[in-house]
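Q: Here you go, one structure.
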Amino acid sequence: MSIESERDLEKLLAIGRIVGMTVKTMAAALRAGMTTAELDEIGAAYLQAHGARSAPQLVYNFPSATCISINDEAAHGIAGDRVIQPGDLVNIDVSAEMDGYFADTGASFPVEPIAPEWLRLCDYTRSALRHALEAARAGQPLNAIGRAVEKEAARGGYRVVRDLGGHGVGRHIHEKPSVPNYYTQRANQRMDEGLVITIEPFLSPKADRVITDDDGWTLRTPNGSRVAQYEHTIVITRGAPVLITAV
């Protein structure tokens, strides 16, 4: 969607804060020994208490309220009886709807004891997001975002998971345009002021694609390589974008 009124922005900021705080609340509770279902219940309770509905459940009948992906699971991990282990790399992705507006955010969290290699992967993925946000300006081509992500990934010696990327959001959880995390001439449309998108780089030491598990949802690397992801919903402006999901 594109912002057309002050109400649009206010409503997006409201749901953006809720999903951002849901991730923050879940991250604060995250610890080895708990199940992913227990972690998901914390997120579900926060959304419900603030009048929001899980977008994956609402739109896609997803089995859990949030997506919790561990280690080589890049995205769409289903919460269940899996026990989080010391040293795991846990991604928490939350998207939700309120009053007809959607927002989407996510982040990866290493579980103690934290291995330096996974801390470094997270640092570079966060840095890739920052560089992508700097490239997201009205009047610039959409592929400037992918170019920025790809450049930062290469600087750290990482691969971009090319199967996954950002997307339009706002009136629906997934809208046009697709926002690739790598440079492609196909994504050469100009970003207009008011455009609402997600930016979400996925970086891995050894994988640039994912496969779908037998559950039909979970996306994981084919070679066991871990993945980190960081995501914000943003509004494009002539200057720095508005971070809808920042808390």
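Read the figures in this text as sums done on the coordinates, not as results from a lab. Please read all numbers here as calculations on a predicted model, not as lab measurements. All Cβ positions, even for glycine, are placed from backbone atoms using ideal geometry, and neighbour counts span all protein chains on display.
Q: Pick from 71, 181, 61: which is most flexible by mean-square fluctuation in a GNM of the chain where alpha carbon atoms under 10 Å apart are linked?
A: Most flexible of the set in this elastic network: 61.
Q: Right, something else. Hey, how much of the P(r) for the range 154-247 falls beyond 17 Å, as a percent of Cα pairs? Write down the numbers at each step before the final one.
A: Details: 2509 of 4371 pairs.
Pairs farther apart than 17 Å: 57 percent.
Q: Once you keep just the Cα pairs under 8 angstrom separated by 6 or more residues, what percentage relative contact order results for the chain?
A: Numbers: 645 pairs, mean separation 56.3, N = 247.
Contact order relative to length: 23 percent.
Q: If you average the sequence gap of Cα pairs under 8 Å that are 6 or more apart and divide by the length of the range 153-221, what percent do you get for the contact order?
A: Relative contact order for the range 153-221 comes out at 37 percent.
Q: Further question: Could you tell me the center-to-center distance, by alpha carbons, between the range 104-118 and the range 15-94 in angstrom?
A: If we compute the Cα centre of each part, the gap is 14 Å.
Q: Sticking with this structure for a sec: How big is the range 1-47 by the Kirkwood estimate over distinct Cα pairs, in Å? Provide the component values of the computation, followed by the final result.
A: Working: mean 1/r = 0.0826 Å⁻¹.
About 12.1 Å for the range 1-47.
Q: Between residue 174 and residue 188, what length in nm is gained on full extension when 0.36 nm per residue of separation is reduced by their alpha carbon distance?
A: Numbers: separation 14, 0.36 × 14 = 5.04 nm, distance 1.96 nm.
Value of the extension gain: 3.1 nm.
Q: So, one more: Rounded, prolate or oblate: which one fits the range 126-188, using the alpha carbon gyration tensor with axes a ≥ b ≥ c (rounded when a/c is under 1.5, else prolate when a/b beats b/c, else oblate)?
A: prolate
Q: Turning to a different aspect of this structure: Each residue of the range 167-181 in turn: what ³J(HN,Hα) in whole Hz from Karplus with 6.51, -1.76, 1.60 and θ = phi - 60°, glycine and Pro shown as x?
A: In residue order, the calculated couplings are 6, x, 7, x, 8, 9, 5, 10, 10, 6, x, 6, 10, x, 8 Hz.
Q: Continuing with this model, one more query. State the volume of the convex hull built on the alpha-carbon positions of the range 82-215, expressed per residue in Å³ and rounded to an integer.
A: Working: hull volume 17.6 nm³, N = 134.
It comes to 132 Å³ per residue, whole-number rounded.
Q: Separate question: Take the eigenvalues of the Cα gyration tensor for the range 1-99, scale each by 5, and report the square roots as semi-axes in whole Å, largest first. Before the final figure, lay out each step's value.
A: Numbers: eigenvalues 141, 33, 29 Å².
So the equivalent ellipsoid measures 27, 13, 12 Å along its semi-axes.
Q: So what does the Cα-only Debye profile of the range 173-215 read at q = 0.20, 0.21, 0.25, 0.31 Å⁻¹, as log10 I(q)/I(0), no solvent term?
A: Cα-only, vacuum Debye calculation for the range 173-215: -0.88, -0.94, -1.11, -1.27.
Q: Here's a follow-up. Ordered by packing density, taken as the mean number of other Cβ atoms within 10 Å over each peptide's residues, highest first, how do 154-167, 4-17 rank? Could the numbers behind the result be given before it?
A: On the way: 154-167: 19.0, 4-17: 16.9.
The packing order, highest mean first, is 154-167, 4-17.
Q: Hey, another quick one. Lys/Arg Cβ at +1, Asp/Glu Cβ at -1, dipole of the range 1-55 taken about the Cα centre: which of 46, 1, 13 is farthest positive-ward?
A: Of the listed residues, the answer is 46.
Q: Could you check how many percent of all C-alpha pairs in the range 49-130 are farther apart than 21 Å? Walk me through the intermediate numbers first.
A: Working: 1235 of 3321 pairs.
More than 21 Å apart: 37 percent of the Cα pairs in the range 49-130.
Q: Please list, in order along the range 135-143, the HN-Hα scalar couplings obtained from phi with the Karplus expression 6.51 cos²θ - 1.76 cosθ + 1.60 (θ = phi - 60°), rounded to whole Hz, x for Gly and Pro.
A: 8, 8, 9, 4, x, 8, x, 4, 6
Q: Each residue of the range 155-163 in turn: what ³J(HN,Hα) in whole Hz from Karplus with 6.51, -1.76, 1.60 and θ = phi - 60°, glycine and Pro shown as x?
A: Karplus-based 3J(HN,Hα) across the range 155-163 equals 4, x, x, 10, 9, 8, 6, 6, 6 Hz.
Q: Would you mind calculating the relative contact order of the range 192-247 from Cα pairs under 8 angstrom and at least 6 residues apart, reporting the percent as a whole number?
A: Working: 87 pairs, mean separation 23.0, N = 56.
Computed value for the range 192-247: 41 percent relative contact order.
Q: When the convex hull of the Cα atoms of the chain is projected onto a plane and the area is averaged over all directions, what value comes out in nm²?
A: For the Cα atoms of the chain, the hull's average projected area reads 11.9 nm².
Q: To continue, here is another question. Using a/c under 1.5 as the rounded threshold, could you call the range 18-160 rounded, prolate or oblate? The axes a ≥ b ≥ c are square roots of the C-alpha gyration tensor eigenvalues, and prolate needs a/b larger than b/c, oblate otherwise.
A: Numbers: a/c = 2.28, a/b = 1.20, b/c = 1.90.
Judged from the Cα gyration tensor, the range 18-160 comes out oblate (a/c at least 1.5, b/c at or above a/b).
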